[in-house]
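Heads up, the thing below is written out as structure tokens.
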Amino acid sequence: MLPVVALVGRPNVGKSTLFNRLTRSRDALVADYPGLTRDRQYGQAQVEEHPFIVIDTGGIHGDEEGIDALMAEQSLMAIEEADAVLFLVDARAGLTSADEGIASYLRKQNKTVFLVANKVDGIDADSAVAEFYALSLGDTVHQIAAAHGRGVTQLLTLALTPHIEALGQEKPEQDEEAELAEGEEMDLEDQPDENDSIKLAIIGKPNVGKSTLTNRILGEERVVVYDMPGTTRDSVYIPMERNGRDYTLIDTAGIRRRKNVTDVVEKYSVIKTLRAIEDANVCLLVVDAREGLSDQDLSLLGFILEAGRSLVLAVNKWDGLDESVKDRIKSELDRRLGFIDFARIHFISALHGTGVGHLFESVEEAFVSATKRISTSMVTKILDMAVFDHQPPMHNGRRIKLKYAHAGGYNPPLIVIHGNQAKKLPPSYKRYLMNYYRKSLKIMGTPIKIEFRETS
Ligand code: GDP
Ligand code: GDP
């Protein structure tokens with residue numbers, strides 16, 4: 001399970017500057033999928049080979065209302081759920097009473113806290129940070145200049161990595177993820193078997209109908225084991241079988257607790273959702289037909305794409321709508337979700353069960369696509385055909401030459417293309433190649449990653 005690192009501190013100390021530096025890969029993703037909004041609060045980062053979730057806890061002043069209150073609640077939950085906290089203070093502004101307030105809150109949380117003095121550029125850092133030792137949080141005040149990147153690598157490698165590694169040893173399934181992240185040659189022995197259980201995460205913001213859907217699915221199917229233990233920070237994993245295929249439903253809504261233990265509605269936790277996405281083979285993103293696409297839906301979509309997970313989209317609450325309303329919703333989805341043309345969209349009613357069975361056809365298809373064995377000779381042959389049909393453009397007066405390709409991994413499928421000036425290909429040609437591969441390999445429901453390597 002991915003470790004979670006929360007960035008905490010009063011406004012203006014540089015949390016979002018540090019967040020941006022840690023999660024830069026997300027910008028590239030957003031550029032690849034016009035129409036996505038980058039989530040400014042939750043992101044994925046990586047130190048050496050260790051991926052982690054980083055959270056910029058916006059405000060924890062305690063006097064928020066409305067939507068701010070919801071965000072503050074998520075911030076406090078983030079701290080509660082975090083494996084480590086980076087507590088930022090401003091080396092230029094010096095120690096403030098707000099810093100002291102936050103420090104005393106953190107001391108009570110019994111968390112691993114790293115105290116980080118930001119903005120040490122252009123000042124005498126050692127004397128500036130001396131007063132922060134009074135906060136008595138750990139024995140070091142880490143010095144960084146987030147805006148310039150100074151000290152950030154040291155903070156990560158010297159402080160955070162050993163901590164994350166220690167966590168990783170408690171949770172051995174992390175290793176597999178790390179190997180994949182290195183992403184070189186595909187190791188066929190590690191490839192999931194097509195008969196493996198499909199881990200299916202049911203993802204969505206609150207009230208879209210996740211638990212109604214989960215109940216519907218389970219009500220129809222034989223549940224192998226149901227009484228699974230779960231803690232507040234983890235999803236409930238429910239094994240089930242359908243059409244002779246094993247599934248593990250990853251239930252982020254916590255229906256077990258809702259039904260059996262108390263009637264208390266499970267708190268929605270973004271972190272729980274992010275971890276479920278990371279752990280799944282296929283994500284079923286549920287959105288509410290009646291509300292249209294919200295920023296929160298798009299940011300969950302961004303996380304699913306960033307994690308490279310297979311995706312099936314369920315537009316729920318499709319019951320009792322006028323035909324004209326249905327048409328309007330469909331055209332809005334077409335317009336705004338054109339960029340995820342690889343994903344199947346289902347219009348369902350979890351309440352009445354309409355369309356729920358067909359979801360599994362797409363889930364199966366997405367899983368098979370994501371884990372398909374692709375041979376190097378095949379990807380090279382497809383490259384030749386694509387180049388033959390439509391040549392790459394010129395760059396600096398020379399034609400870009402794509403020579404050969406190899407299959408670099410699965411889940412999602414990775415294709416590595418080698419050529420002269422291959423990295424100079426414009427986005428339109430990259431999209432062309434992507435679509436060509438998708439059609440030729442009949443891959444649906446999963447993103448395809450293409451990497452380019454220079455050959456001489
Ligand atoms: P947040 O409110 O904690 O998220 O703070 P921001 O990341 O928005 O930063 C607040 C201000 O501090 C911005 O004007 C940043 O440009 C500035 N800032 C952030 N990091 C540094 C730094 O390392 N050095 C200096 N000199 N300024 C910084
Ligand atoms: P969750 O927070 O995503 O788990 O959402 P719930 O499953 O608790 O559903 C939220 C509300 O939407 C409940 O009042 C459900 O009865 C209602 N709901 C769920 N699915 C449907 C549906 O397909 N049609 C209609 N009309 N209402 C639904």
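Among LYS111/LYS205; LYS401/LYS430; LYS424/LYS449; LYS381/LYS439; LYS372/LYS439; LYS108/LYS272, which pairs are too far apart, with a Cα-Cα distance over 20 Å? Provide the component values of the computation, followed by the final result.
Details: LYS111/LYS205 28 Å; LYS401/LYS430 13 Å; LYS424/LYS449 17 Å; LYS381/LYS439 14 Å; LYS372/LYS439 14 Å; LYS108/LYS272 23 Å.
In this structure, LYS111/LYS205; LYS108/LYS272 lie more than 20 Å apart at Cα.
Towards the positive end of the charge dipole of the range 357-456, with charges on Cβ (+1 Lys, Arg; -1 Asp, Glu), say which of ILE374, ILE415, VAL387 has the farthest Cα.
VAL387
List the lysines whose Cα sits under 19 Å from the Cα of LYS330, skipping any in the same chain fewer than 8 residues away.
LYS317
Given the Cα-Cα distance of ARG453 and LEU158 and 0.36 nm per residue of separation, how much length would full extension add, in nm?
Numbers: separation 295, 0.36 × 295 = 106.20 nm, distance 3.15 nm.
Result: 103.0 nm gained on full extension.
Hey, fewest Cβ within 10 Å first, where do LEU29, LEU160 land in order? Could the numbers behind the result be given before it?
Details: LEU29 16, LEU160 22.
Fewest-to-most ranking of LEU29, LEU160: LEU29, LEU160.
Grab the beta carbon distance between ASN207 and LYS430, set R0 = 56 Å, and tell me the FRET efficiency rounded to 0.05.
Working: r = 38 Å, r/R0 = 0.67.
The pair ASN207/LYS430 has a calculated efficiency of 0.90.
If R0 is 25 Å, what FRET efficiency do you get for LYS326 and THR37 from their C-beta distance, rounded to 0.05? Write out the running numbers ahead of the final one.
On the way: r = 26 Å, r/R0 = 1.02.
For R0 = 25 Å, the calculated efficiency reads 0.45.
Taking the mean number of other Cβ atoms within 10 Å as a proxy for protection, how do you rank 73-84, 368-379 from highest to lowest?
Values: 73-84: 19.4, 368-379: 17.7.
Highest mean packing first, the order is 73-84, 368-379.
Taking 7 Å along the Cα-to-C-beta vector as the label spot, tell me the ARG373-ASP319 distance in nanometres, rounded to one decimal.
Distance between label points: 4.5 nm.
Roughly what % antiparallel, to the nearest 5, for the DSSP beta bridges in the range 1-150? Let's see the in-between values first.
Numbers: 7 of 25 bridges.
Antiparallel bridges make up about 30 percent of those DSSP assigns within the range 1-150.
Quick note: the coordinates plus some simple rules give every number you see, no bench work behind them. Remember, it's a predicted structure, so these values are computed and weren't measured experimentally. Here the Cβ is made from the backbone with ideal geometry for all residues, glycine too, and neighbour counts use every protein chain on show.
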